[in-house]
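The values are calculated or read from the model by the stated rules, or taken from the named source; none is laboratory data. Bear in mind the structure is a predicted one, so any value in this text is a computation, not a measurement. Virtual Cβ from ideal backbone geometry, glycine too; neighbours counted across all protein chains shown. Just so you know, the surface numbers come from the protein's heavy atoms only, side chains and all, with ligands and any DNA or RNA stripped out. Shrake-Rupley method; radii C 1.70, N 1.55, O 1.52, S 1.80 Å.
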Amino acid sequence: MSCNHVTLVKPALLLLVWQSVWSLDVPLEIRQPPTIVKQSMKEHIVDPKDTMVIECEAKGNPHPMRSGTLDIYAWNDPEQYEAEYQCIASNEYGSAYSHKIRLRLYRAPVWPREILEPVVVSAGLPLVLSCDPPPGPPKPETYWMSSCKCLCTSSPVRQDRRVSMGVNGDLYFSHVLFNDSTADYCCNARFPYKNVIQQKMPVVVKVLTNINLTNHSRTVAEAAPTWLSPSGSSSSTLVLQGEELLLECIAAGVPTPRITWTRDGEDLAATPRMRFKNFNKMIQIPKASFEDVGEYVCAATNKIGYIEHTITVRVKAAPFWLEKPSDLVLAPEENGRLVCRTDGAPRPTVAWFVNGEPIESDTPQPNRQVSGDTLSFRSVTAANTAVYQCNASNQYGYLLANAFVNVLHATPRILGPSNELVKVTEGSRTFLDCRYFGSPVPDLRWSKYGQGNLEGNRFRTHGNGTLEIKRIQIEDQGTYLCVVSNIAGRDQSQVRIEVKEPTLIVTRPQSMKVIRGSDVRFECGVKADVSTPVTTTWMKDKKLLSLGWRTSMDESNLVITNVNRGDEGNYTCVVKSELDQKSASARLMVMDRPSPPTDLELSDPYERSVRLSWVPGDSNHNPITENLVQYDDDDWLPGKWRNLSTYPGNLNSVILHLQPFTYYEFRVIAINEIGQSRPSRPSKRFQTSGAPPDVIPKNVKGVGTWRNNMEISWEVTETWNGPHLKYLVWWRRRDSREEWKNATTKWLKYYIYDADTFTPYELKVQAVNDFGLGPESPVVIGYSGEDRPLTAPLNLRVSDIESTQVTLHWDLVTRNSIKGELKDYKVYYWRDSSQLRWLRVNRGMRSQAFPDTGPEPSGVLAGLVPYSNYKMYIVVTNNRYEGPPSNNIHFSTPEGVPSAPSSFRIQQRHLDSIYVDWDLPAEPNGIITGYSLKYQTVNATRGEELQVEEFPPNVTSFSVRRYDRYTRYRFSAAARTRLGIGEWHTEESPHYTTETYAQDQVDITTQGWFIGIMCAVALIVLILLAVCFIKRSRGGKYPVREKKDISLEPVDDKDQDGSFDYREEERGLQRGQPSTEAMMKPSDSDDSLVEYGDGGEIQFNEDGSFIGQYTGTRRDVRELDFGGSLELHSPMNTIYSLA
């Protein structure tokens, strides 16, 4: 146990893996042997490019020599330092040794730059691609990639039951397929020490395929299972206890074999300690134990055969501790022992050392005795002070432990602080520390207020001096005294306890499952000691929750508004005081529309189908009920997605039924109760292969558009199934022996010419494209064109003439003369006049069609007006034309009952009476013989009976006296002829509830205002007559110049000397007062100076008087501006003009 000579320097600040060694807590001011407190791992890996550091820290009094961090600087030849190191910490009381530290150099992992030849293998045979990564240290992690030549296209090799990576890093193919040759393969290794990834040179796999000469398809021969790893029928493996156990079985075969496992004849199932991985090809036990020993049998099965392999598992164990030796502090003449109890498989051997030297070579001490794994001391002396090492080893490892024996006298002392104040919560477990030291070991006693000894019931004193109080209560509050003593002295310390009420969460948050967009409130009710302040915080997924505009606190409760998927997680209410902390958690699950599906893949393409597979998105806590598959088949306007079909939500691979010769893109939408997901990314564009048309043309028909042709038409859906879609049209005459004729067209119509009029043909149509003929449509009958009928129906006559209808009869028309299909017989008729000579009628023509009813055709013409004279004629029609009309016939309808009286009016002319009147019916339908009037009160309390009044035809009014002004009546009036009473007209009188309204309804001739107006009008007429009389008595003529200021006066064209004769005006006045409109409309010779205000040539006499004969353009009076001459509309202005 020596240490290589190296230079000790100040510890560097490097992050290293080290192992702590715990020792008895002896105050450092007490003399003591050294103790190693930190050292590097047994397997210590360093980078030679950096400073190589080995940790070794120790404590002791005096401070140990030769301990500390070991720094190795080796720039030229670092390999010389790759060895085992052991650190020794020494002082005058002994030497402590570290375990042996193996220093290993990290070497940059480099694969040899070799050119790998392509691997050629036939389809169906197994294949193993070796990895062989650089060994490390440490051992690398391996994985395989494909398409390695370009990082942008490389991707992990997809592993399944057929293709998988073994424990040794090799890639195993149970059998190869043709698709395995589409890319190269490369092994990658990740070295965790520097997190470096190295890639091996890619290897190309070429797969030879066998072609079936019958159907020209690739075939793979079936093969029974064989083992690729491990080989043979049995093997064994050894694992150390606590290490990872991996059992692997990989088989070849076609179809891919399935792997099953048994142990000692019983089937194996996954447990928390044991997992099945790599598609059941591997068993992983993270920490092996002796209970894993046994025989494991893996079986490979396919439909061709069955094989087994037995793996015997043995478990060994490196030495491990059962009881580790502890440091001893003894007073002289005391006894003690060191125990080094270990176990392992095989059982380890134990050796004792003193200060690093075998105990056998040390100076013998009579009070020291070795007995197996125990070292005993009796009546120790200072000579027994040393560091003792225990070494337990077997073939799989060793254990090394240091423990010192320190013999001394020491006065008792309490190491911790004194006079502490401890605050605790009621009901908690409380620990009062009293760390002490002394030699010999002091006695310790706890008391409350210095009285008694606290031990038993709820009090317990631990070996390190700590007093434990279980379920502390309010009455336990007070001052506690810790006293330690031995023969060398005594020491004490006191602790004061305050007991508080515990903090409680009385209302705990509840887990919730809500829909996105909802508001959430987590309750967290708190109860705490009044003298202890508490703070409430919320955490989400063990991280402090930051509050914002959507997340807030209401007292100690958490409120989240408009939750979204990001709010999902575990929420914890943390209530903290200076004494304790309580928490309560709840989970929030946000239900939302599903996440979109991903990784759409197409496989198994055929003419009319393809398999679509996808990876389902997250259901977001609401099960996916269905998946909607949409497609886009438009090359010109992409993005027009249409629904193809829906599938159950538990499917992620479906067969899609498609149309041949069509480009498709697909996308999938997942649906749950919340709604639809966003559409997935579209799949790759895919085209189905072509096929003959499979659609049968529908609605095939032949119709003539002219007398000697036929239009053959049909309907199809746009399913071409291939390029250059056309239609093959077939036709022949019905009931003939002629061969079918055909023609090809790309349209949905075809015309046959030079056909006889209205001849039947047999027709059929079928679609055709470059891949072949489609199915034929059923044979239908079509007819060539129709012509005008040649003759009119004869012998049109009527019978059973009634007031509103008449029965018609006529003779049949021969089929040949119709020149087409008989559609119907059409009668044209009109009401020529009424038998009431004074009644004007509408002579509009009407028509009615009658179907062919057999050898004696007839029909009823309804909707006629009674007591009228009618004319009519009849024609025969086919589908295109009407034939010539027959001769007109006349008939008259007899009397009928009249329609309801027209213009029915209800008035109230006096407060105590209601007046009704009416007019003749719009359609008398005969000679009116009288009227009937029924009336009855509708709101009187006395309930009068219905009154009926009869009137002769010349009486059309009636007056009824009211009981009071609130009484209302319902009137019904009807006219009658000789045939009976006609339609009734019913109406109720309005509400007459106020006198003002009633007065408005009385005769205006009795009103005072009306009499006053009439008197004023009579006075004006008398004044007018007086003025006219005065003018007439003056007589004669006078010059025009005296009248030239009066506009719009009539001028006599015959009066050439400028005079005016009033006798013409007098004669006009005798004919009556003209209207304002007549006064404003001049005669042909009337005019005025105003019409010539805009210019023009105007003639005057020599004395300046106006000439009666005008020149220039006349304008209509409606075009003149009457802004200053509106007084012409007033009759008073006319009077003043005449004056």
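What single numbered condition from (1) among the hydrophobic types (A, V, I, L, M, F, W, C); (2) closer than 30 Å to S376 by Cβ; (3) not in a strand (DSSP E or B) fails to hold for I304?
All conditions are met except number (2).
Among the residues of segment 651-683, write down those that are among the hydroxyl-bearing types (S, T, Y) and either open to solvent by less than 30 Å² (accessible area, probe 1.4 Å) or in contact (Cβ under 8 Å) with a residue 40 or more places away in the chain (or both).
Hits for segment 651-683 are S653, T662, Y664, S677, S680, S683.
Only one of P134, P138 is in contact with a Phe, Trp or Tyr (Cβ under 8 Å, 6 or more places away or on another chain), surrounded by 14 or more Cβ atoms within 10 Å (Cβ to Cβ) and over 29 Å from P33 (Cα atoms). Can you tell me which?
P134
If we only count strands (runs of 3 or more DSSP E) wholly inside segment 452-558, which ones have 3 or more residues that are open to solvent by less than 70 Å² (accessible area, probe 1.4 Å) and among the charged types (D, E, K, R)?
Passing ranges, in order: 489-500.
Within segment 313-427, which strands (runs of 3 or more DSSP E) (wholly inside it) include 3 or more residues that are of a type outside the set (S, T, N, Q)?
328-330, 336-339, 341-345, 349-354, 386-394, 397-407, 410-414, 420-425
Mind counting the residues in segment 163-187 that are open to solvent by less than 10 Å² (accessible area, probe 1.4 Å) and not small (G, A, S)?
6
Does segment 684-700 contain at least one residue that is among the hydroxyl-bearing types (S, T, Y), within 43 Å of the chain's Cα centre (by Cα) and buried (at least 16 other Cβ atoms within 10 Å of the Cβ)?
Within segment 684-700, one or more residues are among the hydroxyl-bearing types (S, T, Y), within 43 Å of the chain's Cα centre (by Cα) and buried (at least 16 other Cβ atoms within 10 Å of the Cβ).
Pick out the one residue from T237, T256, T226 that is surrounded by 15 or more Cβ atoms within 10 Å (Cβ to Cβ), touching a residue at least 12 places away in the same chain (Cβ under 8 Å) and not in a strand (DSSP E or B).
T256
Exactly one of (1) part of a strand (DSSP E or B); (2) within 30 Å of Q389 (Cβ to Cβ) is unmet by Y172. Its number?
(2)
Residue by residue, here is whether (1) closer than 30 Å to L171 by Cα; (2) open to solvent by 50 Å² or more (accessible area, probe 1.4 Å); (3) outside any strand (DSSP E or B) holds:
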site	(1), (2), (3)
G60	no, no, no
H63	no, yes, yes
G68	no, no, yes
Q80	no, yes, yes
S95	no, no, no
L103	no, no, no
W111	yes, no, yes
V128	yes, yes, no
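Restricting attention to segment 428-448, and to residues there that are of a type in the set (A, V, I, L, M, F, W, C) and either in a loop (DSSP other than H, G, I, E, B) or open to solvent by 30 Å² or more (accessible area, probe 1.4 Å) (or both), which single residue is nearest to R460 (Cα to Cα)?
Applying the filter and picking the extreme gives F431.
Residue-by-condition table, conditions (1) among the basic types (K, R); (2) modelled with pLDDT under 95:
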{"position": "T814", "(1), (2)": "no, yes"}
{"position": "E821", "(1), (2)": "no, yes"}
{"position": "R840", "(1), (2)": "yes, yes"}
{"position": "D852", "(1), (2)": "no, yes"}
{"position": "N869", "(1), (2)": "no, no"}
{"position": "V875", "(1), (2)": "no, no"}
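Of the conditions (1) under 30 Å from Y93 (Cβ atoms); (2) open to solvent by less than 70 Å² (accessible area, probe 1.4 Å); (3) free of Cβ contacts under 8 Å to residues at least 40 places away in the same chain; (4) not small (G, A, S), Q389 fails just one. Which one is it?
Condition not satisfied by Q389: (3).
So how many residues does segment 292-301 have that are open to solvent by 10 Å² or more (accessible area, probe 1.4 Å) and outside any loop (DSSP other than H, G, I, E, B)?
Number of matching residues: 4.
Testing F279 on (1) among the hydrophobic types (A, V, I, L, M, F, W, C); (2) free of Cβ contacts under 8 Å to residues at least 24 places away in the same chain; (3) on the phi > 0 side of the Ramachandran plot, one condition comes back false. Which one is that?
If we test F279 against (1) among the hydrophobic types (A, V, I, L, M, F, W, C); (2) free of Cβ contacts under 8 Å to residues at least 24 places away in the same chain; (3) on the phi > 0 side of the Ramachandran plot, just (2) comes out false.
Since S834 meets every condition but one in (1) over 60 Å from the mean Cα position of the chain (by Cα); (2) surrounded by fewer than 17 Cβ atoms within 10 Å (Cβ to Cβ); (3) of a type in the set (G, A, S), which condition does it not meet?
(2)
Filter segment 268-291 down to the residues that are surrounded by 15 or more Cβ atoms within 10 Å (Cβ to Cβ), under 40 Å from the mean Cα position of the chain (by Cα) and over 15 Å from A251 (Cα atoms) and list them by number.
Across segment 268-291, the qualifying residue is only F276.
Scan segment 192-215 and report the pairs whose first residue is more than 22 Å from H175 (Cβ to Cβ) and whose second residue is at pLDDT below 80 and among the aliphatic types (A, V, I, L, M), with Cβ atoms within less than 6 Å and a gap of 6+ or a chain change.
Close Cβ pairs satisfying both conditions: M201/L116.
Of all the strands (runs of 3 or more DSSP E) wholly in segment 851-950, which have at least 1 residues that are open to solvent by 10 Å² or more (accessible area, probe 1.4 Å) and more than 30 Å from W810 (Cβ to Cβ)?
901-910, 913-921, 930-937
Report whether or not P27 is open to solvent by 20 Å² or more (accessible area, probe 1.4 Å) and either in a loop (DSSP other than H, G, I, E, B) or under 30 Å from C390 (Cβ atoms) (or both).
So P27 does not fit the description; no.
Mind checking whether some residue in segment 636-647 is under 30 Å from E501 (Cβ atoms), surrounded by fewer than 13 Cβ atoms within 10 Å (Cβ to Cβ) and among the polar types (S, T, N, Q)?
No, segment 636-647 contains no residue that is under 30 Å from E501 (Cβ atoms), surrounded by fewer than 13 Cβ atoms within 10 Å (Cβ to Cβ) and among the polar types (S, T, N, Q).
Would you check if N179 is more than 24 Å from M282 (Cα to Cα) and either of a type outside the set (D, E) or modelled with pLDDT of 90 or more (or both)?
Taking the combined requirement at face value, the residue satisfies it.
Which pairs do you get when a residue that is without any contact (Cβ under 8 Å) to a residue 40 or more places away in the chain, found in segment 73-98, comes within reach of a residue that is surrounded by 19 or more Cβ atoms within 10 Å (Cβ to Cβ), reach meaning Cβ atoms under 8 angstrom, with the pair 6+ apart or on two chains?
Listed pairs, sorted by first residue: Y73/M52; A74/M52; P78/M52; Y81/M52; Y81/L103; E82/L103; E84/I101; E84/L103.
Every residue, every condition in (1) open to solvent by less than 70 Å² (accessible area, probe 1.4 Å); (2) within 16 Å of A403 (Cα to Cα), yes or no:
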{"site": "K303", "(1), (2)": "no, no"}
{"site": "E308", "(1), (2)": "no, no"}
{"site": "P325", "(1), (2)": "yes, yes"}
{"site": "L328", "(1), (2)": "yes, yes"}
{"site": "E333", "(1), (2)": "no, no"}
{"site": "A351", "(1), (2)": "yes, yes"}
{"site": "P358", "(1), (2)": "yes, yes"}
{"site": "N367", "(1), (2)": "yes, no"}
{"site": "T381", "(1), (2)": "yes, no"}
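Give me the pairs: first residue in segment 289-305 and within 27 Å of A318 (Cα to Cα), second residue outside any strand (DSSP E or B) and open to solvent by 10 Å² or more (accessible area, probe 1.4 Å), beta-carbon distance under 8 Å, and six or more apart or on different chains, which are they?
Within 8 Å, the pairs are S289/Q241; S289/G242; F290/Q241; G294/D264; E295/D264; Y296/L268.
Whether any residue in segment 415-422 is crowded, with 16+ Cβ neighbours inside 10 Å and polar (S, T, N, Q) is what I want to check.
Within segment 415-422 (the criterion being crowded, with 16+ Cβ neighbours inside 10 Å and polar (S, T, N, Q)), the answer is no, since none of the residues qualifies.
If we keep just the residues of segment 725-759 that are charged (D, E, K, R) and part of a loop (DSSP other than H, G, I, E, B), which is nearest to N816 (Cα to Cα)?
Across segment 725-759, the extreme among qualifying residues is D756.
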